[in-house]
Amino acid sequence: MLIQASAGFGMLYRLDLTKAATDLLSVLIERQAPGGEVNASQAELGARVGLSRNSANTAMALLESRHLVQKPQGKYRTYYLHPYIASYASQEELEEAIEDAAERIEAGELPDITVPLYETAPPKRQSQPLRAVRAAG
C-alpha cells in the first residue's frame, strides 16, 4: 500500500485545472511508482481517461506549467509527480521526501506547485437570455 502525500492536495481546487487536466492527473497518480515516477506515454495516459492526443497534450502542458508534473529532458515515457502529491512506500520515505522537497524548493532546485494568483476572482459564467435580432434588408 502506498502512502499519499497530501501537502499539495489541499490546494488542488485553487489550481484552476481543466477537467481534462484533472482526469490526467488522476491517472498519473493511479499509475505512479513509489516516489512519483510514472512510466507511460502521454497517449497511453490520455487514452485511459478518454482524451484525444491533442487534449492530452494540452492537459499535460497545464499540469507541467503548474509544476504538478515534471518531464525530464531526454527521457521518453517518463513523468514525475511533484513530491508534494506523490505517493511513497512508507511514512519515513514520505517525511524524508517532503523535507528534501522543501529544501530543494528553497534552494531554487525544484519549482513549487504554482497556484494562479488573481487580483480579483475570475468572472463566473452568467447565462444571458437570448434576444431577437431583426434581419437586415
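Where a number appears in this text, it was derived from the coordinates with a stated rule and is not lab data. Keep in mind the model is a prediction, meaning the values are calculated, not measured.
Points to keep in mind about this one:
- Under the Karplus curve 6.51 cos²θ - 1.76 cosθ + 1.60, θ = phi - 60°, whole-Hz ³J(HN,Hα) for region 75-83, x wherever Gly or Pro sits: 9, 8, 6, 10, 10, 10, 6, 4, x
- Under 5 Å between amide hydrogens, built in the peptide plane, is the criterion, and for G36 it picks out S87 among residues at least 5 positions away or on other chains.
- Over the C-alpha trace of region 57-97, radius of gyration and Dmax come out as 12.0, 35 angstrom.
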